[in-house]
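S.K.: Encoded as structure tokens, here's the structure I'll be asking about.
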Amino acid sequence: MTEPRAGRYPRIPATRDRPHVAVIGSGFGGLFATKALRRDDLDVTLIGRTTHHLFQPLLYQVATGILSQGEIAPSTREVLSRQGNATVLLGEVTAVDMHARTVTSTLRGHTERTEYDYLIVAAGAGQSYFGNDHFATFAPGMKSIDDALELRGRIFGAFEMAEVVADEAERERQLTFVVVGAGPTGVEMAGQIAELSRRTLRRDFRRVNPGDARVILVDAVDRVLPQFGHRLSGAAREHLETMGVDVRLNSRVVDIDEHGVELETADGARTRIPCACKIWAAGVSGNPLGATLARQSGAELDRAGRVKVLPDLSLPGHPEVFVVGDLASLNNLPGVAQVAIQEAKHAARLIRDDAASATGTPSEQRPPFVYRDRGSMATISRFSAVASRGRIRLSGFSAWLAWLVVHLFYIIGFKRQLTTLVRWAVSFLGRGRAERTITRQQIAGRLALEQLGQDFPPPPGVPGGGAREADPPTEG
Ligand SMILES: Cc1cc2nc3c(=O)[nH]c(=O)nc-3n(C[C@H](O)[C@H](O)[C@H](O)COP(=O)(O)OP(=O)(O)OC[C@H]3O[C@@H](n4cnc5c(N)ncnc54)[C@H](O)[C@@H]3O)c2cc1C
């Protein structure tokens, strides 16, 4: 066990008579790792840059007005309030020193250094624009609550704009929605915008017919939801088209600006689509902390910037450091919640075994991580989804029911499960959406903050710590 070191940073008051585990990130990996250690004779400090745990699979429902952000983002502190050995620390991790075994985090100019005996890094992944970062200005991704609220503002705002503009071409542009990426998030977003326009908003406007909205789903590959296999992929495409979604495959986005999107097909032909609202649901890149860890341990990064971990999820030469979830690269496992949860539990189990061993040091013979595939699912619209598990393939209502039960199960807290169920009843059985509020801050906040720059100090009394995924951490 390490001794407390002198330094110029304030220090977490660790009880140094037992192992201290630092966990980075309050997503699926970080939260489940912390919870898995709840009965162990050790201390855990979870350092996260947001005050909440985010249930990312339902972000699209916040963006399209079905759920409020509170339903999918419980306070991490509240979730862990009964776990006596866990401390929650708000802050952006800016450096990890694997030699000194310290994690440095900052919160509004306050720097904190946390010593650890074990470290679990679950910092997730950010959006990748495949080298075209300027697309982000016009086509927000969907990784955070801020992103989902911005998209909600842009989606509902486009219908409002269409109602007031006089020019026919501009009205059509406002009523054209382009979703880039035909994976689960893109399909869910396209399906929900189609449903919103054809059903929810049907009677709410006087000068425009929201049902005239064009929803275009674009992808460079030749199938929607390719990971679900040919049959489900075909069923999903058919259902989207029945709902009026224009699915354009084998089409690469080559440009995005304020006014529209430019596509290029495999034969080199280019098409420009005038549209006001664009949504980026394609591509992920590992959190920049991955590069810091790779540099210090000699681990490699894969093409998406994820850290190639050893079979037990630790890093070369550092059996005390684990990387789990979307930031870890192992056996081509997908970036999904189940992988993050199971990896987090595996890392916690190995730490428990080490701590309980006679020497209290990492065992040489650690079991490798083995993923148990619990299946995948994606919704297309109300009452319609696709799901696969092993050889079982479901589509339509049965898959949607399975989706509903599984997602309800993973929402944290009984009260939140109950309110979610009520909101789903409102939206799926009825026509309404309970969360249609949009504000100027939602729409303009991100770009305004980017213009103000990294050094913009929030006013006194306002805690920071909500930096965006793409912020590069500095090396300590
Ligand atoms: C829109 C969307 C839909 C999805 N749908 C599904 C789905 O239907 N089914 C499914 O299985 N999976 C889905 N996923 C994927 C799933 O959400 C991820 O695989 C899972 O969240 C990964 O967990 P994680 O802990 O690795 O990362 P995350 O959950 O992303 O958590 C990362 C955490 O690290 C924190 N963090 C990052 N950098 C720092 C830093 N420098 N300092 C401090 N904290 C930091 C973040 O704030 C966050 O709390 C979806 C993802 C998205 C974005």
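S.K.: Filter the range 378-406 for residues that are among the aliphatic types (A, V, I, L, M) and under 15 Å from T242 (Cα atoms) and give the result.
M.R.: Start the filter on the range 378-406 by keeping residues that are among the aliphatic types (A, V, I, L, M), which leaves 378, 380, 385-387, 392, 394, 399, 401-402, 404-406.
Scanning the range 378-406 gives I380, A385.
S.K.: Next question. Starting from residues that are within 16 Å of I66 (Cβ to Cβ) and aliphatic (A, V, I, L, M), keep the ones in the range 142-163 and report whichever is nearest to the ligand (Cβ to nearest atom).
M.R.: Only one residue tops the list, namely M142.
S.K.: Go through the residues of the range 41-52 one by one and say whether even a single one is under 25 Å from A356 (Cβ atoms) and in a loop (DSSP other than H, G, I, E, B).
M.R.: Yes, the range 41-52 contains a residue that is under 25 Å from A356 (Cβ atoms) and in a loop (DSSP other than H, G, I, E, B).
S.K.: Filtering the range 316-342 down to residues that are under 19 Å from Q365 (Cβ atoms) and in contact (Cβ under 8 Å) with a residue 40 or more places away in the chain, which residue is surrounded by the most Cβ atoms within 10 Å (Cβ to Cβ)? Full working, then the answer.
M.R.: Residues of the range 316-342 under 19 Å from Q365 (Cβ atoms): 316-322, 330.
Keeping just the survivors that are in contact (Cβ under 8 Å) with a residue 40 or more places away in the chain gives 318-322.
Numbers: H318: 19, P319: 18, E320: 21, V321: 26, F322: 30.
Ranking the candidates gives F322 first.
S.K.: Kindly check whether there is at least one residue in the range 77-90 that is touching a residue at least 24 places away in the same chain (Cβ under 8 Å), in contact with a strand residue (DSSP E or B) (Cβ under 6 Å, 6 or more places away or on another chain), outside any strand (DSSP E or B) and farther than 29 Å from E435 by Cα.
M.R.: yes
S.K.: Using beta carbons and a limit of 8 Å, which pairs, at least six apart or on different chains, have the first residue in the range 246-264 and within 21 Å of I380 (Cβ to Cβ) and the second one among the charged types (D, E, K, R) and surrounded by fewer than 20 Cβ atoms within 10 Å (Cβ to Cβ)?
M.R.: Every condition considered, the pairs that remain are D246/R214; V247/E241; L249/D222; L249/R223; N250/D222; S251/E264.
S.K.: Sticking with this one: Output the number of residues of the range 91-137 satisfying the condition of being assigned to a helix (DSSP H, G or I) and buried (at least 20 other Cβ atoms within 10 Å of the Cβ).
M.R.: At the first step, the residues of the range 91-137 found to be assigned to a helix (DSSP H, G or I) are 135-137.
Retained after the next criterion (residues that are buried (at least 20 other Cβ atoms within 10 Å of the Cβ)): 135.
Residues flagged as assigned to a helix (DSSP H, G or I) and buried (at least 20 other Cβ atoms within 10 Å of the Cβ) within the range 91-137 amount to 1.
S.K.: Now for a separate question. Quick test for you: out of A22, A36, pick the one residue that is within 21 Å of V339 (Cβ to Cβ), of a type in the set (A, V, I, L, M, F, W, C) and either more than 6 Å from the ligand (Cβ to nearest atom) or touching a Lys or Arg at 6+ places or on another chain (Cβ under 7 Å) (or both). Let's see the steps before the verdict.
M.R.: On the way: A22 fails: within 21 Å of V339 (Cβ to Cβ).
Selected residue: A36, the only one of A22, A36 that is within 21 Å of V339 (Cβ to Cβ), of a type in the set (A, V, I, L, M, F, W, C) and either more than 6 Å from the ligand (Cβ to nearest atom) or touching a Lys or Arg at 6+ places or on another chain (Cβ under 7 Å) (or both).
Yes/no per residue for (1) farther than 30 Å from L249 by Cβ; (2) within 16 Å of the ligand (Cβ to nearest atom); (3) in contact with an Asp or Glu (Cβ under 6 Å, 6 or more places away or on another chain):
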residue	(1), (2), (3)
G283	no, yes, no
G286	no, yes, no
G290	yes, yes, no
A299	yes, no, no
P311	yes, no, no
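Each value in this text was obtained by applying a stated rule to the coordinates, not by laboratory testing. In this text, all values refer to a predicted model and were calculated from it rather than measured experimentally. When we count neighbours, we look across all protein chains shown, and the Cβ atoms used for this are built from the backbone with ideal geometry, even at glycine.
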